[in-house]
Structure formats: structure tokens, C-alpha cells
Amino acid sequence: VTTRAKLREAVAAERSRGHSIGLVPTMGALHAGHLSLVEAARRECGFTVATIFVNPTQFGPGEDYQRYPRTLDADLAALASVGTDLLFAPPTEVIYRPGATTFVDVGPVAAPLEGQFRPGHFRGVATVVLKLFNLVGADIAYFGRKDYQQSLVIRRMVADLDVPIQVRVCPTVRESDGLALSSRNTYLDATARERALTLSRSLRLAQEVVVSGERRAVAIIERMRRLFADIPSAQIDYIALCDPETLEPVTLVDRVAVALLAVRIGGTRLIDNELIIPPSK
Ligand code: AMP
């Protein structure tokens, strides 16, 4: 469905049958990572709604809004194959009413990392996600850990604004060689794809370095950085080791931390993250 009225009608009918509603927000160009969220929703909810909306307000000037992959027919087939009950795929004017001026600003957890390199990104994300929560009226919403900071931004918003929804964050789905699935992987040619493996390799290296005894964040980050030194056309936006809840940088990995990085490979900006777990003494 593409209109608010059709969406509301379909969801209300399921509710009146006593079904709980699961929501999986996406920007389309669906892959197995997205579908794993649908599967998680189906395990827990009686009725699963996916949304596809390439949200203009979360793209900065010069980013890939215009060329972002739009593959609706393939997406419909993929959603059907995992038993999605309803797809809401509205045109832009259904989501953004003419003259709309209200935005959600989540504050400190949205400021560093992606927030620093993509100013305004999380303002757009939080605003559209809150709107989708309000439009769908779901009980539980499903997000991927692949976008780690985004999941914290959404949890913060839900808590701070008393949004009546539960948030689930599901594991990152990877290719067998470690590359995190992403709609933007379609931008990578064979050479760039091979180079892109350095992101997940650097995360594995971080864990190994910690297991071998290193605890200093600067030293671990330096080891990760060095992996990219040999990669032509790799440009690091950030590599960080942070507190998993607050995203404040840690100086020592003496308890669980999250390693997060954003790197441009060729022209394509990729992000990835993993929890880094020091061995128990
Ligand atoms: P996107 O379409 O990129 O906005 O992503 C929609 C949802 O899918 C977000 O909650 C993402 O975190 C999640 N997602 C994207 N890639 C993956 C992945 N490789 N594994 C798990 N979830 C993912």
C-alpha cells in the first residue's frame, strides 16, 4: 500500500483480530540482512509490516539520495518469499506534508561518528522513524546492529519521547567472507568489493589484538588503521572504540566496547561495527 488510509485500514483489521504488529523500516534494495529482520518480526508478531522509503531528509548534500538503488519489483518478491504481510511504500509527499517543519533532535548519542561526518543524518532518521512508528502503530520495531549508532539513537528517542513501541536490534548479516550486507554494496565493482573486506577484517583484528592482551584503545585503533594503509583509494572517516551504550570513546578495553568504522572505498562509503569482548581474567 502507498497511502496512509490503506495502511491504517490494513493494520486496524489485523489488530481487531487480536494480532500484534511488527514493523521493519527499510530504504529498499533489500538483501538478506533486511529479510532477517522480517523473519525476526514474524517469529514474534502476528502481522508483519515492512516499509520502503528512501528518506530524503537523512541524506546530506552531495550524498547518494538520487542514485540510491530503487528495486521495488525485486523487493516485493523478496518480501513475499519470507512471508511479509504488508509493504508500505509511500511516495515522498505522503511522508512529508507540504510545509512540514518539525524534526526530532536526539542529542549527544547522535553527535559523534556518523553524526559528525553526516551532519543532519540522524535528525532525518529519527524524524522519519518516529513518523513511521506513528503511522503504522506497531507493537515491536526491528532494526539491524549493522547501523549500531542508529539503533542507539532510536532507543534514546523511544525512551525520551515515551513512544509506545518496543525496539529489537538484530545481528548483522554478513557474506561468508565477512562483508556486512548493505544496499550500497551494489556500488562496488570486483576490486572495490575485495578492498571492502578490510572493514570486517579490521574488526576481527581488533578482537584478536584484545585477546592477545592489548587493552589500549589507541594501540588497537592503530593496528586497525594500518590494515587500510595498503588499500588504494581507502579513505577513513573514523575508526573508534566506544562505550556500547553512550558511544563515548574508551581509552582501555577492559570491558565490552564497540569498534565502529566508516571508510570510503573508491567512492563508496561503508560502515561496520562489532562488539569487542576482552577475555575474562
Ligand atoms: P536500510 O535499508 O539500509 O535503511 O536498513 C534498514 C534496516 O536494515 C536497518 O535497521 C538496518 O540496520 C538493517 N540492516 C541493514 N543491513 C543489515 C545487515 N547486513 N544485517 C542486519 N541488518 C541490516
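What residue, of Glu63, Glu39, is under 19 Å from Val173 (Cα atoms) and either within 15 Å of the ligand (Cβ to nearest atom) or assigned to a loop (DSSP other than H, G, I, E, B) (or both)?
From the options Glu63, Glu39, the qualifying one is Glu39.
Quickly run through the stretch 71-97 and pick out the residues that are surrounded by 14 or more Cβ atoms within 10 Å (Cβ to Cβ) and assigned to a loop (DSSP other than H, G, I, E, B).
Correct list: Thr71, Val82, Thr84, Asp85, Ala89, Pro90, Tyr96.
Would you tally the residues in the stretch 228-239 being in contact with a strand residue (DSSP E or B) (Cβ under 9 Å, 6 or more places away or on another chain) and not in a strand (DSSP E or B)?
The number of residues fulfilling the criteria is 3.
Could you list, in sequence order, the residues of the stretch 240-258 that are assigned to a strand (DSSP E or B) and under 23 Å from Gly107 (Cβ atoms)? Don't jump to the end; show me each part of the working.
Step one: filter the stretch 240-258 for residues assigned to a strand (DSSP E or B), giving 240-242, 249, 252, 257-258.
Scanning the stretch 240-258 gives Ala240, Leu241, Cys242, Pro249, Ala257, Val258.
Tell me yes or no: at least one residue of the stretch 174-189 is open to solvent by less than 80 Å² (accessible area, probe 1.4 Å) and of a type in the set (Val, Ile, Thr).
no
Cβ-Cβ distance below 8 Å, separation of 6 or more or different chains: which pairs start in the stretch 141-164 with a residue that is within 12 Å of the ligand (Cβ to nearest atom) and end on one that is part of a helix (DSSP H, G or I) and among the hydroxyl-bearing types (Ser, Thr, Tyr)?
Going by the 8 Å Cβ cut-off, the qualifying pairs are Phe143/Ser151; Gly144/Ser36; Gly144/Ser151; Arg145/Ser151.
Does the stretch 18-28 hold any residues that are more than 7 Å from the ligand (Cβ to nearest atom) and in contact with an Asp or Glu (Cβ under 7 Å, 6 or more places away or on another chain), and which are they?
Ser20, Ile21, Gly22
Test Val128 against the criterion of being away from the ligand (no atom under 12 Å from the Cβ) and closer than 25 Å to Ser20 by Cβ, and give yes or no.
It is false that Val128 is away from the ligand (no atom under 12 Å from the Cβ) and closer than 25 Å to Ser20 by Cβ.
Among the numbered conditions (1) hydrophobic (A, V, I, L, M, F, W, C); (2) open to solvent by less than 30 Å² (accessible area, probe 1.4 Å); (3) more than 23 Å from Leu270 (Cβ to Cβ), tell me where Phe53 comes up short.
So Phe53 meets the others, but not (3).
Six or more apart or on different chains, Cβ atoms under 6 Å: show the pairs whose first residue is in the stretch 247-267 and under 18 Å from Leu179 (Cα atoms) and whose second is among the small types (Gly, Ala, Ser).
From residues that are under 18 Å from Leu179 (Cα atoms), the pairs are Ala259/Ala206; Leu260/Ala240; Val263/Ala234; Ile265/Ala192; Ile265/Ala196; Ile265/Ala234; Gly266/Ala192; Gly266/Ser233.
Kindly indicate whether any position in the stretch 61-68 is at pLDDT 95 or above, open to solvent by 70 Å² or more (accessible area, probe 1.4 Å) and within 20 Å of Phe122 (Cβ to Cβ).
Within the stretch 61-68, one or more residues are at pLDDT 95 or above, open to solvent by 70 Å² or more (accessible area, probe 1.4 Å) and within 20 Å of Phe122 (Cβ to Cβ).
Of Arg184, Arg216, Arg226, Arg201, which residue is out of contact with any His (no Cβ under 7 Å at 6 or more places or on another chain) and within 15 Å of Ala257 (Cβ to Cβ)?
Going through Arg184, Arg216, Arg226, Arg201 in turn, the sole match is Arg216.
If I ask for residues that are in a strand (DSSP E or B) and open to solvent by 40 Å² or more (accessible area, probe 1.4 Å), which ones from the stretch 270-281 would you list?
Across the stretch 270-281, the qualifying residues are Glu274, Leu275.
Within the stretch 165-203, count every residue that is within 12 Å of the ligand (Cβ to nearest atom) and outside any helix (DSSP H, G or I).
Qualifying residue count, the stretch 165-203: 14.
The values are calculated or read from the model by the stated rules, or taken from the named source; none is laboratory data. Here the structure is a predicted model, which is why all the values come from computation and not from measurement. For neighbour counting, all protein chains shown are included, and Cβ atoms are generated from backbone atoms with ideal geometry for every residue, glycine included. Just the protein is used for accessible areas: all its heavy atoms, side chains included, with ligands, DNA and RNA removed. Shrake-Rupley method; radii C 1.70, N 1.55, O 1.52, S 1.80 Å.
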